[in-house]
Amino acid sequence: RRFCRCRRCHTPATAATPGGSPVITNLPAAARPVAMLKGRDLREIITLNEPMKAALTEWLTSNRSNLIDAWENYQYMRQLMWPEDQRAGLPEALLFGILAQESGGKVHAVSRSGAAGPLQFMPATGAAYGLGIANGFDTRYDPTLATRANVAYLNARFAELGNNLELAVAAYNGGEGRVARLYNATGGKGFWDPSVYSQLPPETRDYVPRVLAAAWLFLNPKEYGLQFPRVNAGEPQMLTLSRATSINELTMCLGNRGVRDGWFRALRNLNPRYDPRDVIPSGTVLRVPPFVLRLYKANCLDNPARAQMAADLAA
């Protein structure tokens with residue numbers, strides 16, 4: 001197992017009509033590589049068979065809240081991650097699908113087997129693609145560097161697996177060596193072919209449709225009655241701390257104006273080097289969502305009572 005997590009069996013493909021993605025809707029026609037993989041639209045590649053339908057059902061029922069959380073978390077990191085895929089010609093929908101399944105968009109997620117970061121790299125695989133310990137920080141937790149490694153890994157798999165989407169995703173979970181051997185032994189057959197599918201671990205057979213179902217819903221939410229919330233994200237801005245604080249203290253001081261459940265996750269994801277309890281020195285520059293700049297001034301600088309409350313609780 002190289003990365004992380006995974007459902008059922010094989011039936012023929014069925015067609016579906018794309019719904020209205022808020023991401024696609026808000027992008028000009030010339031800048032819509034969110035769905036494009038090697039010149040082909042993901043919506044023409046993905047097979048909506050029984051395992052895919054089962055995965056869609058799971059995301060839309062018991063796992064819907066996790067999918068929405070992943071969407072919200074991703075929006076704050078989007079400008080740190082998506083450009084890496086865009087430059088490499090990989091679809092944003094696939095990036096979101098992997099992120100949603102692997103970590104739910106929580107940068108500090110760690111699996112029981114030791115996979116870590118937003119895209120859940122194992123130490124050895126991460127090291128092979130440029131991730132490791134730098135100045136005491138595990139760069140698997142860095143959203144930009146993790147995405148860069150993800151891009152390199154996937155493009156290497158596409159090159160050796162005939163640009164097969166499902167097999168590349170299977171390799172991400174089940175290991176590139178295992179999938180490459182199956183691909184070569186079966187004369188280049190695809191993931192859904194029984195001769196390949198039956199020889200993969202149950203986790204990987206489950207993992208692939210879950211990733212692709214999340215990607216499909218990223219592109220087609222309206223068709224499935226899925227409404228992703230609007231997020232006050234935008235390009236992360238630089239906030240210079242006027243006094244020493246911690247992520248925990250800053251979260252309490254800011255409150256939850258502008259967001260449903262506070263700014264903790266966004267601050268953690270955008271500043272992965274800091275433990276939330278660590279005191280960060282005055283003058284340190286943090287990355288924050290744009291809306292946080294005004295909240296910091298209003299609630300943490302111009303409101304001494306709020307600032308003291310947060311400091312007392314964080315002490």
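The values are calculated or read from the model by the stated rules, or taken from the named source; none is laboratory data. Quick caveat, the model's predicted, so the values are computed rather than measured. FYI the Cβ positions are ideal-geometry reconstructions off the backbone, even for glycines, and counts take in every protein chain you see. Note: accessible area is taken over every heavy atom of the protein model, side chains too, but ligands, DNA and RNA are not part of it. Shrake-Rupley method; radii C 1.70, N 1.55, O 1.52, S 1.80 Å.
When the residues of the stretch 103-138 are filtered to those that are of a type in the set (Gly, Ala, Ser) and assigned to a helix (DSSP H, G or I), the one that is least open to solvent (accessible area, probe 1.4 Å) is Gly126. Examine the stretch 265-277 for a residue that is among the aliphatic types (A, V, I, L, M) and farther than 19 Å from Met81 by Cα, and state whether such a residue exists. No: zero hits. Please specify each residue of the stretch 226-254 satisfying the condition of being closer than 28 Å to Asp312 by Cβ and small (Gly, Ala, Ser). Ser242, Ala244, Ser246, listed by residue number.
Looking at the stretch 23-102, the helices (runs of 4 or more DSSP H) lying wholly inside it that each contain 3 or more residues that are at pLDDT 90 or above, open to solvent by 40 Å² or more (accessible area, probe 1.4 Å) and among the polar types (S, T, N, Q) sit at 64-88. Name the single residue, out of those in the stretch 181-203 being of a type in the set (Ser, Thr, Tyr) and not in a loop (DSSP other than H, G, I, E, B), that is least open to solvent (accessible area, probe 1.4 Å). Only one residue tops the list, namely Tyr197.
Please find, within the stretch 205-245, the residue that is most open to solvent (accessible area, probe 1.4 Å) out of those that are of a type in the set (S, T, N, Q) and assigned to a loop (DSSP other than H, G, I, E, B). Among residues in the stretch 205-245 that are of a type in the set (S, T, N, Q) and assigned to a loop (DSSP other than H, G, I, E, B), the one most open to solvent (accessible area, probe 1.4 Å) is Gln227.
Could you please give the count of residues in the stretch 139-161 that are assigned to a loop (DSSP other than H, G, I, E, B) and under 19 Å from Pro209 (Cα atoms)?
Of the residues in the stretch 139-161, 1 are assigned to a loop (DSSP other than H, G, I, E, B) and under 19 Å from Pro209 (Cα atoms).
Pick out the one residue from Asp261, Asp278 that is farther than 17 Å from Gln237 by Cβ, modelled with pLDDT of 95 or more and either open to solvent by less than 50 Å² (accessible area, probe 1.4 Å) or not in a helix (DSSP H, G or I) (or both).
Matching residue, one of Asp261, Asp278: Asp278.
Kindly indicate whether Arg294 is surrounded by 14 or more Cβ atoms within 10 Å (Cβ to Cβ) and either in contact with a His (Cβ under 8 Å, 6 or more places away or on another chain) or not in a strand (DSSP E or B) (or both). Here the answer is no, as Arg294 does not meet what is asked.
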